[in-house]
Every structure is written in structure tokens, then in C-alpha cells.
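A.B. asks: My structure is below; once you've seen it, I'll send some questions.
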Amino acid sequence: MTEPDLRLRAVVPAPPKVVYEALTDPAALRVWLAEHADVDLPGKYEFWGRFTPDGAEPHQRVLHVDERTIRFAWTVEGVESTVEFELAEDEDGTLVTLSQSDLPSFAEVLADEAGARGALSTFWSLAIANLADYLAGRELTPKCDFTSNELHASVVIDAAPEQVFDSMTQPEQFCRWFGANVDIEPYVGGRFAMGGFELDPGGAKFVEFEPGRKATLRFADGMTDSWELEGSDGKTRLTVVESGFDPANPPYPGWTGWLGGLAALRRYH
């Protein structure tokens, strides 16, 4: 495999043999990865459906398989890339390394020039998070539906609503779980800028801001991102809804990135 454009590493709480089964059992794949899966190694490793970019049909071709490695070609919107899972023993379970080559550049993704391929990096980030939660027996984070023109996701977080709200609206906390710089003015009319105000001086604006209950951001293009929080028994159900975008061109890369962020927020708490 040539030097990949994407490399993700995660330690998951299971021995390599169990992780390998989760990667190759079609029933398991249909839980943590895709709507449909068909595996018959060494000849077939396929997944497709509404939770897969360009997923109307399977487009994978096996390149190499052994007891610690699965490598396959995956064609998305006519462009073939190489994906590899590699497993290694770790004192806390198994180190899973996911690599993929021939991805669009970050500039292409930001310019909305990459189509479904623009969501591949964030697709795998969310998938690896769900693989870890699947192996730990935890609730999974909702997947992105690449056939839908709306995002509506709900997760339960092991913290009170006030704590969850602060972690989403206080920049120091947000950076800890999301892993990217952000500037936030936590009040109605305040700005929210991923990457910081130097990169995005206008930012999105809070049009609703009720600590511990709800917040809504409106972006310059008219898109809105709403968060609603409901508490029970020391936990919080967080519901995220995004609307106001071009229904013919939903922001799938952003959606998969945000869902992966929700998985990280759950781990943070």
C-alpha cells in the first residue's frame, strides 16, 4: 500500500481474534458499519447501503487478507482507493489501524468539489468509534444516512444536561473532546467559529441559547444546527437537528464529522 492519505489508530477493548471477527462477520458489520454486508474471505468483502458513501451497490475488491490484516480496493464515485485494517496486540486490547489512500484534498472537501468521497475520512472516524463501542457493549452513535436530505440524531450521554451544555459551548472544553480549535461566544447573538475567529471572523451565530436546555446556531448560508438536551437520572439525551441547506446537496462530510464528534463527546463524559 502506498503512503495513505488517512491513518486512524484506536485501541479497542477486545483481543485481536475478537476484533477480527467483528471486522469480518457480516452480522457484526451490519451493526457497527453498514446497512448491508457480505463477506466470504479470502474472495469477498463487501458493504453497502444507506450508511455507506456511494452505497447503492457494493464497490469493494479484496486485495490481501491474513489473520491480522484486511486490505481492499474501494471505488467511490468512479475513483478507486485502497483501504486497510491492521490489528496489533495492545495491553488494553487491540490496536486497530485504519488506512486509506487516494482521498480528496481538504481544500476540495471545503470547496464542496469532492462529492461522496469528501465524507470518507469522517465516515471512517465514526465507524472506528462505533467499532470500539460495539466491542465494549455500549450504545452506538447514529450513522449518517447518505440517502437522506436531513440530519436528525439522538444520543444518551452519561452526564447532567448542564455539564453537557457547557462542554458544547465553552471553547476550552469543546477543544478537549472535539480535537479542533474553536472560538465560542456563549450567548444569543454570539459567534461560533470552528477553526477560530481568525479563520472565520463572522462565524455562525447563536439565535437560541438556553443553558442546559437548548441552543441553535445559524450559519451564513442559512443552515441551522439545533441542540436540545433532556435530563434523567444524571444522564442527558442530546438531540441534534440540522436544516436549511440545499436538499439536493446535503453536507454529508460535515454530518459524518459532527456524528463522529458526538461519539467523542460521549467518551469525554
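The values are calculated or read from the model by the stated rules, or taken from the named source; none is laboratory data. Owing to the predicted nature of the structure, the values given are computational and were not obtained by experimental measurement. We place every Cβ from the backbone using ideal geometry, glycine too, and count neighbours over all the protein chains shown. Surface accessibility is based on the protein's heavy atoms, side chains included, excluding ligands, DNA and RNA. Shrake-Rupley method; radii C 1.70, N 1.55, O 1.52, S 1.80 Å.
A.B. asks: List the extent of the Cα atoms of the stretch 48-89 along each of their three principal axes, largest first, rounded to whole Å.
C.D. replies: For the stretch 48-89, the Cα spread along each principal axis is 34, 18, 11 Å.
A.B. asks: Measure nothing fancy, just the Cα-based angle from helix 120-136's long axis to the longest principal axis of the chain, in degrees from 0 to 90, nearest 10.
C.D. replies: The angle comes out at about 80 degrees.
A.B. asks: Scaled to the compact-protein estimate 2.2 N^0.38 Å, what is the alpha-carbon radius of gyration of the stretch 1-139, rounded to two decimal places?
C.D. replies: 1.00
A.B. asks: Using just the Cα positions, wrap the stretch 128-226 in a convex hull and report its mean projected area in square nanometres, one decimal place.
C.D. replies: Projected over every direction and averaged, the Cα hull of the stretch 128-226 covers 7.5 nm².
A.B. asks: A follow-up question, please. Which net charge results when you count Lys and Arg as +1 and Asp and Glu as -1 among the other residues whose beta-carbon is under 11 Å from that of Leu126?
C.D. replies: That sum, taken over residues with Cβ under 11 Å, equals 0.
A.B. asks: With the cut-off at 22 Å, report for the stretch 47-206 the share of all Cα pairs above it, as a whole percent.
C.D. replies: 58
A.B. asks: Run the numbers on the stretch 178-269 and let me know its relative contact order in percent, using alpha-carbon pairs under 8 Å that are six or more apart.
C.D. replies: Relative CO of the stretch 178-269 lands at 16 percent.
A.B. asks: For Cα pairs less than 8 Å apart in space and 6+ apart in sequence, what is the mean separation divided by the residue count of the stretch 7-155, i.e. the relative contact order in percent?
C.D. replies: Once normalised by length, the contact order is 25 percent.
A.B. asks: If amide H atoms are built 1.01 Å from N in the plane of the peptide, which residues on other chains or at least 5 residues away come under 5 Å of the amide H of Tyr45?
C.D. replies: Asp40, Val62
A.B. asks: 222 nm [θ] for the chain, helices only, -39500 (n - 2.57) per DSSP H run of 4+, per residue, to 500?
C.D. replies: -8000 deg cm²/dmol
A.B. asks: Sorted by accessible area with a 1.4 angstrom probe, largest first, how do Met168, Met223, Met194 fall?
C.D. replies: The most accessible residue leads, giving Met194, Met223, Met168.
A.B. asks: Additional query: Taking 0.36 nm per residue of sequence separation and subtracting the Cα-Cα distance, how much length would be gained by fully extending the chain between Val18 and Ala220, in nm to one decimal?
C.D. replies: Once the chain is fully extended between Val18 and Ala220, it gains 68.1 nm.
A.B. asks: Determine ³J(HN,Hα), in whole Hz, for all residues of the stretch 237-246 in sequence, where each value follows from phi through the Karplus function 6.51 cos²θ - 1.76 cosθ + 1.60 and θ = phi - 60°; x replaces Gly and Pro.
C.D. replies: So the Karplus estimates, Gly and Pro as x, are 9, 9, 10, 10, 10, 10, 8, x, 9, 5 Hz.
A.B. asks: Moving on to the next point. Could you compute the FRET efficiency for Glu230 and His64, with r as their C-beta to C-beta distance and R0 at 41 Å, rounded to 0.05?
C.D. replies: 0.30
A.B. asks: Where only protein heavy atoms count, and the probe is 1.4 Å, what is the accessible area per residue for the chain in Å²?
C.D. replies: Ligands and nucleic acids excluded, the result is 47 Å² per residue.
A.B. asks: Would you mind calculating the relative contact order of the chain from Cα pairs under 8 angstrom and at least 6 residues apart, reporting the percent as a whole number?
C.D. replies: 17
A.B. asks: Not counting ligands, DNA or RNA, and with a 1.4 Å probe, what is Ile157's accessible surface area in Å² rounded to the nearest 10?
C.D. replies: Near enough 0 Å² of accessible area.
A.B. asks: Can you work out the FRET efficiency for the pair Cys175 and Glu57, with r the C-beta to C-beta distance and R0 = 30 Å, to the nearest 0.05?
C.D. replies: Using R0 = 30 Å, I get an efficiency of 0.15.
A.B. asks: Taking a probe of 1.4 angstrom, what is the accessible area of His36 in Å², to the nearest 10?
C.D. replies: 70
A.B. asks: Return the loop-located GluC sites (Glu not before Pro) in the stretch 162-269 (DSSP other than H, G, I, E, B) with at most 10 other Cβ atoms within 10 Å of their own Cβ; answer none if there are none.
C.D. replies: Glu198
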